[in-house]
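Visitor: First the structure, which I've put down as structure tokens, then a few questions once you've had a look.
Nothing in this text is a laboratory measurement; each read-out follows from the coordinates by a stated rule. Bear in mind the structure is a predicted one, so any value in this text is a computation, not a measurement. Every residue, glycine as well, gets a Cβ built from its backbone with ideal geometry; the counts of neighbours run over all protein chains shown.
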Amino acid sequence: MAVYILGIESSCDDTSAAVLKGNIIHSNIIANQLVHKNFGGVVPELASRAHLQNIIPVVESALTTANITKYDIQALAFTRGPGLLGSLLVGISFAKAFTQALGIPLIEVDHMQAHVLSHFIRKENETKKVPSFPFLCLTVSGGHTQIVRVDDYFEMKVIGQTIDDAAGEAFDKAAKIMGLPYPGGPVIDKLASIGDPGRFKFSKPNISGHDYSFSGLKTSFLYFLRDQLKLNPDFIESNKADLAASIQAVIIEILAEKLIKASEHTGIKEVAIAGGVSANSGLRNKMLELQETRNWNVYLPEFQYSTDNAAMIAVAGYYKYLMKEFASLDVAPYSRIGNKAGI
Ligand code: KG4
Ligand code: ZN
């Protein structure tokens, strides 16, 4: 059934609205919040205020781009959590008011499930293959790092996750140590493309099972630079690209090793990546290499669906719409992962 779904995402520092017809994309508008740039991270109070300012223009722009009006929308899907409570509240309040005013169903979506389901967003007449169930999805963002076994749209099991920092945080913290702006992931990625990944070696954590740890790497990077700066105050500036390439290489190696292990243990060779860090060119190349060497079917999200976006919320909403899984008006946000069954 081809219904128009409006998706709303406001879990962190991006305000986004998207229109899908079924699982076909019609618009995906993202307003980034530049207000956090000077603070080296997201300031929750500033994020909520910026969402308030952005949400109506972003929705209007999504409707205009899709060439429809609000009266064409048949259901609204919003991010319930995990995320910053103040930010989530802006999206939820808008969603409740919009659906009440138009008399249409309200659908709650888990942000992490939506990252996984971003692989099912389609363009008109697109024939690109989608992952078939069961598949593994490495979901790597600024707040989370998980290996998820996906048996159906909403049957997901986390089989490995970070015990401390997320992979995106490792990129962001390494960038901060080097004096680079926030978010550091894209900056490191760009610098790494002209650097030597073998120049500096950093030790990998020794964690059992499919779990990850990144906090030790951050500390060893910090101490390494502190020692080098004592010998040469210009060390970071004169080795920027090699440092970025080397830290990126070890983060990717850590991510890939556990993913390989998970594939071996489950026997699953359908493997996807999702979340902000899935935009990383080194990780994308590594996945394509594993596709060849391990005989995997690898699925890389389009760049606009890697980082936070409302199209992934709308597509998850569409599959819930088909199951008639609607939310009631007293639905409240949740800030942390695990407050909700499934993932
Ligand atoms: O999924 P996302 O947009 O927001 C969260 O839900 O956290 O992910 C943001 C994270 C940030 O840590 C950012 O540095 C990282 O994704 N990121 C990247 C790249 N683009 C975004 N990390 C490495 N390379 C990139 N190209
Ligand atoms: Zn995210």
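Visitor: For the stretch 135-301, take the alpha-carbon Rg, divide it by the Kirkwood Rh, and send me Rg/Rh.
Guide: 0.99
Visitor: Using only alpha carbon positions, build the gyration tensor of the stretch 54-202, then give the equivalent ellipsoid semi-axes as the square roots of 5 times its eigenvalues, largest first, whole angstrom.
Guide: Square roots of five times the eigenvalues give 33, 21, 17 Å.
Visitor: Right, another one. Taking a virtual spin label 7 Å from the Cα of LEU229 along the C-beta vector, which residues in the stretch 153-182 bring their backbone nitrogen under 17 Å of it?
Guide: Label zone hits: 172-182.
Visitor: Here's something else I'd like to know. Evaluate 2.2 N^0.38 Å with N set to the residue count of the stretch 121-214, then give the Cα radius of gyration divided by it.
Guide: 1.36
Visitor: If the cut-off is 24 Å between C-alpha atoms, which lysines fall inside it for LYS320, apart from same-chain ones fewer than 8 positions away?
Guide: Output for LYS320: LYS21, LYS70, LYS96, LYS123, LYS128, LYS129, LYS157, LYS340.
Visitor: Packing-wise, with mean Cβ within 10 Å as the measure, how do 122-130, 278-286 rank, highest first?
Guide: Output ranking for 122-130, 278-286: 278-286, 122-130.
Visitor: With +1 on each Lys and Arg Cβ and -1 on each Asp and Glu Cβ, how big is the dipole of the chain about its Cα centre, in debye rounded to the nearest 20?
Guide: My answer is approximately 120 debye.
Visitor: Along the stretch 53-59, what does the Karplus equation 6.51 cos²θ - 1.76 cosθ + 1.60 (θ = phi - 60°) give for ³J(HN,Hα), rounded to whole Hz, x for Gly and Pro?
Guide: The phi angles translate into 5, 8, 4, 5, x, 5, 5 Hz.
Visitor: Sticking with this one: With r defined as the distance between the Cβ atoms of GLU155 and ILE194 and R0 fixed at 41 Å, what FRET efficiency is calculated, to the nearest 0.05?
Guide: That pair, GLU155 with ILE194, gives E of 0.45.
Visitor: Follow-up question, since we're still on this one. For the stretch 18-59, compute Rh as the Kirkwood radius over C-alpha pairs and then the Stokes-Einstein diffusion coefficient at 20 °C and 1.002 mPa s; write the answer in µm²/s, rounded to an integer.
Guide: The diffusion coefficient I find is 180 µm²/s.
Visitor: For the stretch 1-77 and the stretch 274-305, what is the centre-to-centre distance using only Cα atoms, to the nearest Å?
Guide: Each part reduced to its Cα centre gives a spacing of 26 Å.
Visitor: With 10 angstrom as the radius, rank ILE260, ILE313 by how many other C-beta atoms surround their C-beta, starting from the fewest.
Guide: ILE260, ILE313
Visitor: Below 8 Å between Cα atoms, with a sequence gap of 6+, how large is the relative contact order for the chain in percent?
Guide: Contact order relative to length: 25 percent.
Visitor: Net charge near ARG149: determine it from the other residues with C-beta under 15 Å of the C-beta of ARG149, scoring Lys and Arg +1 and Asp and Glu -1.
Guide: Taking every other residue near ARG149 into account, the sum is -2.
Visitor: Please enumerate, by chain and number, the lysines with C-alpha under 18 Å from the C-alpha of LYS230, excluding those fewer than 8 residues away in the same chain.
Guide: Reachable lysines: LYS240.
Visitor: Suppose R0 equals 30 Å; then what is the FRET efficiency for ILE260 and LYS123 from their Cβ-Cβ distance, rounded to the nearest 0.05?
Guide: About 0.45, to the nearest 0.05.
Visitor: If you don't mind, another one. Roughly how many debye, to the nearest 20, is the charge dipole of the stretch 135-301 about its Cα centre, given +1 on each Lys and Arg Cβ, -1 on each Asp and Glu Cβ, and no other charges?
Guide: For the stretch 135-301, the charge dipole is close to 280 debye.
Visitor: Then there is this: Skipping prolines and chain starts, which residues have an amide H placed within reach, meaning under 5 Å, of the one on LEU138, given they are 5 or more residues away or on another chain?
Guide: Distant-sequence amide H within range of LEU138: VAL148, ALA272, ILE273, ALA274.
Visitor: While we're looking at this one, here's another question. How would you rank CYS137, CYS12, going from fewest to most other Cβ atoms within 10 Å of each one's own Cβ?
Guide: Sorted ascending by nearby Cβ count, the order is CYS12, CYS137.
Visitor: Tell me, what is the percent relative contact order of the stretch 117-192, built from C-alpha pairs under 8 Å that lie six or more residues apart?
Guide: 19
Visitor: At a 10 Å Cβ-Cβ cut-off, how would you order GLU325, GLU270, fewest neighbours first?
Guide: With the fewest neighbours first, GLU325, GLU270 line up as GLU325, GLU270.
Visitor: A further question on this structure: Based on Cα positions only, what radius of gyration and what Dmax would you give for the stretch 153-199, in angstroms?
Guide: Values for the stretch 153-199 (Cα only, Rg and Dmax): 14.5, 43 Å.
Visitor: Where does the charge balance sit around TRP296 when Lys and Arg score +1, Asp and Glu -1, over other residues with C-beta under 15 Å from its C-beta?
Guide: +3
Visitor: Additional query: For the chain, state the semi-axes of the equivalent ellipsoid (square roots of 5 times the eigenvalues of the alpha-carbon gyration tensor), sorted largest first and rounded to whole angstrom.
Guide: Semi-axis lengths for the chain are 35, 23, 17 Å.
Visitor: What percentage of all Cα-Cα pairs in the stretch 209-295 are separated by more than 23 Å?
Guide: Counting pairs separated by more than 23 Å, the tail of P(r) holds 36 percent.
Visitor: Then there's this: With the contact rule set at Cα under 8 Å and sequence spacing of 6 or more, what percent relative contact order holds for the stretch 48-117?
Guide: 36
Visitor: Right, another one. For the stretch 239-343, what log10 I(q)/I(0) values come out of the Debye formula at q = 0.11, 0.13, 0.15, 0.18 1/Å, with one point per alpha carbon and no solvent?
Guide: Result of the Debye calculation: -0.51, -0.69, -0.86, -1.07.
Visitor: So, one more: Report the net charge of residues surrounding ALA47, where surrounding means a beta-carbon distance below 13 angstrom and charges are Lys +1, Arg +1, Asp -1, Glu -1.
Guide: Net charge in that neighbourhood comes out at -3.
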